[in-house]
Number of protein chains: 2
Amino acid sequence: MTPDKQPETPTDARVAGAAAHWGFRFIANGTDYGDFIATLARITRWADWCREWGVTAAHYEQLAEAADDAGQAATAAGAWQRAALAWHWGKFVFTDDPVQQRAAHERTVACFRRAAAALTPPAELVHVPYGNHALAAYLRVPPGEAPGEAKAPAVIMVPGLDSTKEELQANAEFFLARGLATLAIDGPGQGEAEYELPIEPRYEKVATAAVDYLCGRDEIEATRIGLFGVSLGGYYAARAAAYEPRLQAVVALAGPYRLDLGWDELPPQTRATFQARSGAKTADEARAKAAELTLEEAAGHIATPLLIVGGGRDTIIPAHHQQRLASRLPAAELLIYPDGSHGVTNRAYESRSRMADWLTARLVP
Amino acid sequence: MTPDKQPETPTDARVAGAAAHWGFRFIANGTDYGDFIATLARITRWADWCREWGVTAAHYEQLAEAADDAGQAATAAGAWQRAALAWHWGKFVFTDDPVQQRAAHERTVACFRRAAAALTPPAELVHVPYGNHALAAYLRVPPGEAPGEAKAPAVIMVPGLDSTKEELQANAEFFLARGLATLAIDGPGQGEAEYELPIEPRYEKVATAAVDYLCGRDEIEATRIGLFGVSLGGYYAARAAAYEPRLQAVVALAGPYRLDLGWDELPPQTRATFQARSGAKTADEARAKAAELTLEEAAGHIATPLLIVGGGRDTIIPAHHQQRLASRLPAAELLIYPDGSHGVTNRAYESRSRMADWLTARLVP
C-alpha cells in the first residue's frame, strides 16, 4: 500500500455524488459500462478523480495508436473517441487542480480530433466567427441522396455548464440518422472557449453566430435550422428561441428557468464549476452571476416552436424549472419523464428518439 | 401491497447472481443501462425475472408501434430491437416456467423480425438447410464498393448455451464495420431451434451446413469464410475448426474445453438451462450429457488458424479451459484479458475490436 493510498473509510462524498448524478450520462454518451465500473472502483478520493479517468483514457490512447499503426481504422476511431470521453469525464467538473484539469481537457480535444474524420458521417472541425473570437465546433452532414443536389436541414447542438461539443456526439447520432446535419459548438465558458471567454448569459449571441455560419455552408438549407440544448444548454436554447428568429424549432432539455433557484442544492462540483467558468472570484460572486441566467424577461419573447423536456427525478435541475417555463408559454410543448434523471439519460434511447423526431417533423420537408 | 409482493428480506440469490454474472453482457449487447437498472430494481424474486423483463420489453413494443404508425422508421427499428433484447433476457435462462419462457422467446423473435429490415445494413432472415430441418439465421452483408462486383468475406456467428442470433447483433456490428458479412445462426438447442432440436455436441455439422449455405449466396466469397463462437459457442467454434476445413479462420471466445469441468460451480440457472436444452430428464443425466461436450479428441484435428480468447475473471467458464485448449495447439493464439468477465463483455469494445481485426486480417484480401 503506497503512502497516498491509506484506507479512508468512507468513499469521498463527492465521488459517490458524481457516480450517482452522472453514471447514466457517462454511459449514454458513449463510455463503456465496463470502463465506468472499473474506473469508479479505483477512485475513493475526489482528488484522484481526474487522474484515474486519465488512466482509462491513456489505455484507449494506446489501443488507438496501435490500431492506427496497424491500419485498423475502425478500431482506432472508436478508441480515440473513448479516450476523448474518458479525459472529458476526468476534467468536466474537476476545478480543484486547474493545471491537471486543463491538461485533461486538451487531451479530450486532441483525441477527438483524431477520431473525427473516421466517424460516419465524418465530423469536420470548423470555427464559427464570434466577435473577435472563433468558436470551435464539429459539423456533421448526413450523406445526401444525390451529391450536390439536396441541402440538409441542420440542428445546432449546445452543451451545458460542463459538457462540450465532443460529449454531444452520441446524441448527434439520433439527428444524423434522421437526415439532420449537426453543428455541436463550444460557446463561451464551454470546452475550447472556456479558458478565454466566461459564461455568457445572453447566449443568443452564440446562436446567431452559429446560424450565420450555417447560412454560409453550401450543404445546409438555411431556412431549416433548429437548435437543441441540454442542461444549462437548455437555458441557452430558450434564450435562442426568444431572440434568434431564424430558428425554426428548438428543444430545451433539462434547462433551468433561473439558475439561482435551488443554487444551494446543486452538487458542490457544479457550483465550483460555475464559479470557474463564469469568472467569479468568490462563491458569493458566483451566486450573483447565477442570478443573471434567468428567463424571466426572455420567456415573453419566445414565438418559435419549443419543446421543453425534463426528468421528474432530476436532482440537479428539478422539473419545476421546465414547468415554470412552460406555464409562461401556452404554445410550447412540455414533456416530463416521471422517472427521468438529469438530461433523461436513464431513458436515453426513448427521450433522444422523441426529441429527434420532433425536430425532424419541423425541419424536414 | 398485493399478496405476492410481501417483503422478502434478502434478494433471491439467483437474482443477485444474474445481475452479477450478466450485467456487462446485457449492456454490451445493446440494452440501455437505464433499462438494466430500472428492471433489476423491480425484481427481488427469481419468479418475477421473466415477467419484469417483459414489462420493459412491452414498453418498447408500444414505442415501436407508435413510431411505426407515425412513420418514424429509425425510432421504430431501435425500439423493436430493444424490445427483442428485453424479452430475450427474460427468457434466456428462465426454465422454471416453460410456458412463460416460450412466450417470451416467441416475442423476441417477432420483435427482432420487425427491426431487421431497417437495420444498417439490413438483416435478412434466412433458413439454412440442416438434415430434415431448416435453421433460422440472420444474414447481413456490408454495402459493397460497386454493386455486383466485389463479393464479401463472411463470418458465421455461433451463440452459446443461452444466447441466440438476435443477441449477437451488437457484436456483429464490429465485423460489418470492417467489411465482413455476418451469418448469425440458431443451431440445435438455440433460439428458434431449441424446442425441436437438443444440443448437438458435434456442432461441426451446423458449421458445415452454414458454410454450404453461404457458398450458395452470390454476395459471399466462398473461399473467405470464418467463424466466431461465444461461451458454449466457443466450444462449438473449436469443433468447427477441427472438422470443417473450408473455414479460413476461427475465433473461440470464452469456450469450455470440457463442459463437465467445474460443472458444480456453474450458476444454477445455467445448469438448469443445459438440462432443458440438452433434453436431459434429470440433473444427473444433464451432467452426463455435459461430459459429451469435450475437445479431448477434436483438439488433435485443429489445423485452421484459431484465436482462443478468455477472461481472467470469468467465473462461468474459467480461463483454465482456454489455456488447456491452447496448450494442445502450439500454432493457435491465446488471448486472456486478466480482468475480463465471461465473454469479456466488461471490455467489449477492446476485445470485440481485436477479434474482428484478427478475422479481418485473415479474411479480407
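Readers should treat all values here as calculations from the given coordinates under stated rules, not as data from a laboratory. Bear in mind the structure is a predicted one, so any value in this text is a computation, not a measurement. With ideal geometry, Cβ positions are generated from the backbone for all residues, glycine too; neighbour counts draw on all protein chains shown.
Some points to look at:
- When only alpha carbons are used to place a centre, segment B:246-265 and segment B:266-281 end up 17 Å from one another.
- When only the Cβ of Lys, Arg, Asp and Glu is charged (+1, +1, -1, -1), the dipole of chain B relative to its Cα centre reaches about 540 debye.
- With the gyration tensor restricted to C-alpha atoms of segment B:28-178, the semi-axes of the equivalent ellipsoid amount to 28, 19, 14 Å, longest first.
- Calculated FRET value between B:ALA16 and A:ARG313, using beta carbons and R₀ = 25 Å, to 0.05: 0.55
- Of the residues B:TYR236, B:TYR257, B:TYR213, the one that moves most in a GNM of chain B with alpha-carbon contacts below 10 Å is B:TYR213.
- Within the listed set B:ALA240, B:ALA19, B:ALA326, the residue fluctuating most in the Gaussian network model of chain B (springs between alpha-carbon atoms under 10 angstrom) is B:ALA19.
- A Gaussian network model of chain B, with springs between Cα atoms under 10 Å, assigns the largest mean-square fluctuation among B:THR75, B:THR31, B:THR164 to B:THR75.
- For segment B:88-108 versus segment A:71-88, the gap between their alpha-carbon centres in whole angstrom: 37 Å
- Label distances, nm, B:SER327 versus same residue in remaining copies, Cβ-directed 7 Å point: 7.2
- When each of A:LYS91/A:LYS281; B:LYS165/B:LYS205; A:LYS91/A:LYS151 is checked by Cα-Cα distance, pairs over 27 Å: A:LYS91/A:LYS151
- Whole-percent pair-distance distribution, where bins are 10 Å wide, for the alpha carbons of chain B: 5, 25, 35, 25, 8, 1, 0
- Each part reduced to its alpha carbon centroid, segment B:162-234 and segment A:125-188 end up 39 Å apart.
- Summing +1 for each Lys or Arg and -1 for each Asp or Glu among the other residues whose beta-carbon sits under 15 angstrom from that of B:TYR138 gives -2.
- Of all DSSP beta bridges confined to the protein assembly as shown, the antiparallel ones make up roughly 35%.
- Considering segment A:10-113 at the alpha-carbon level, its Rg and Dmax are found to be 13.5, 46 Å.
- Beta bridges assigned by DSSP with both partners in chain A are antiparallel in approximately 35 percent of cases.
- Remark: spin-label model distance A:GLU196-B:ALA303 equals 6.5 nm, labels positioned 7 Å along the Cα→Cβ axis.
- Percent of Cα pairs exceeding the 40 Å cut-off, where the set is the protein assembly as shown: 34 percent
- A Cβ-based charge dipole, computed about the Cα centre of segment B:11-113 with Lys and Arg at +1 and Asp and Glu at -1, lands at about 300 debye.
- The rotation axis that maps chain A onto chain B passes nearest to the beta carbon of this chain A residue, listed with its distance in whole angstrom: A:TYR33, 3.
- Taking the charge dipole of segment A:211-303 about its Cα centre, with +1 at Lys and Arg Cβ atoms and -1 at Asp and Glu Cβ atoms, the residue from A:SER231, A:ALA249, A:THR270 reaching farthest to the positive side is A:THR270.
- Label point 7 Å beyond Cα along the C-beta direction, distances from B:GLN248 to other copies (nm, shortest first): 4.7
- Placing +1 on the Cβ of every Lys and Arg and -1 on the Cβ of every Asp and Glu, with no other charges, gives segment A:313-365 a dipole of roughly 120 debye about its Cα centre.
- The ellipsoid equivalent to the alpha-carbon distribution of segment B:134-276 has semi-axes of 28, 14, 14 angstrom, derived from the gyration tensor eigenvalues as √(5λ) and listed largest first.
- Calculated label separations, B:ALA66, copies of the chain, 7 Å along the beta-carbon direction, nm: 4.5
- Residue-averaged beta-carbon neighbours from other chains (10 angstrom radius) around B:345-358: 5
- B:ASP218 versus B:GLU285: modelled label distance in nm, points set 7 Å from Cα along the beta carbon direction: 4.8 nm
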